[in-house]
Every structure is written in structure tokens, then in C-alpha cells.
Amino acid sequence: MAEHKINIFLRLRPTKAKKAPYELLEDSSRIVIENPKDNLAAEVVNNSKERHEFKFNQIFDCDARQEDVFNAVAQPAVQAALDGFNGTIFAYGQT
């Protein structure tokens with residue numbers, strides 16, 4: 001029987017910024033986004049966190065090939081469907 005779980009993947013797109021506003025941690029499944037308070041308007045009180053960390057099953061950096069993304073994300077769902085199980089891929093963001 002197929003394993004029932006939800007996998008979360010992230011594919012990063014290139015940015016125009018000289019320095020990326022994120023840092024990939026060494027295990028390639030966690031990303032840290034820095035949002036320094038000094039970048040915001042001085043008239044506004046900013047009590048938000050400056051550092052946000054997110055965990056994914058896998059993160060694809062800007063240089064990831066389409067074939068790599070397909071093999072990791074879609075191939076298991078397609079194979080499960082061919083084996084008679086349900087599978088869903090939900091994509092959100094710029095396409």
C-alpha cells in the first residue's frame with residue numbers, strides 16, 4: 001500500500017538582489033529568511049520577527065533543473081496514480 005503523507009517542496013527563483021534575502025541551511029530542507037527591522041519605514045513600530053525559519057521535505061535552489069524537480073515532486077505521485085492510488089500536486093506561486 002502507498003505511504004500516506006503530505007510532502008512540501010520549495011523551488012526558489014532567481015532574484016535581482018545582489019545578495020539573496022535567504023540562507024539555505026546545510027541539510028537542504030530548511031531555509032532562513034532575514035527581514036531586518038532597519039529596512040522598514042522609521043515612522044512605523046515594527047515588532048515582527050527578523051528571522052523566519054521554514055522546513056520543507058526538499059528545497060530546490062535557483063539552479064535546479066526541471067527534470068530534478070519532476071523526479072522528486074511529480075514522479076512519485078504519477079507512479080502512485082498508475083498503481084491505482086490517488087495523488088495530488090498543488091502548485092502555488094509564479095508559474
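The values are calculated or read from the model by the stated rules, or taken from the named source; none is laboratory data. The structure presented is a predicted model; accordingly, all values stated were derived computationally and were not measured. In this analysis, Cβ positions are derived from the backbone assuming ideal geometry, glycine residues included, and neighbour counts consider all displayed protein chains.
Brief remarks follow.
- With respect to (1) exposed (fewer than 12 other Cβ atoms within 10 Å of the Cβ); (2) at pLDDT 90 or above; (3) part of a loop (DSSP other than H, G, I, E, B), the lone exception for Asn7 is condition (1).
- Subset of segment 62-88 [assigned to a loop (DSSP other than H, G, I, E, B) and loosely packed, with under 11 Cβ neighbours inside 10 Å]: Cys62, Asp63, Arg65, Asp83, Gly84, Asn86, Thr88
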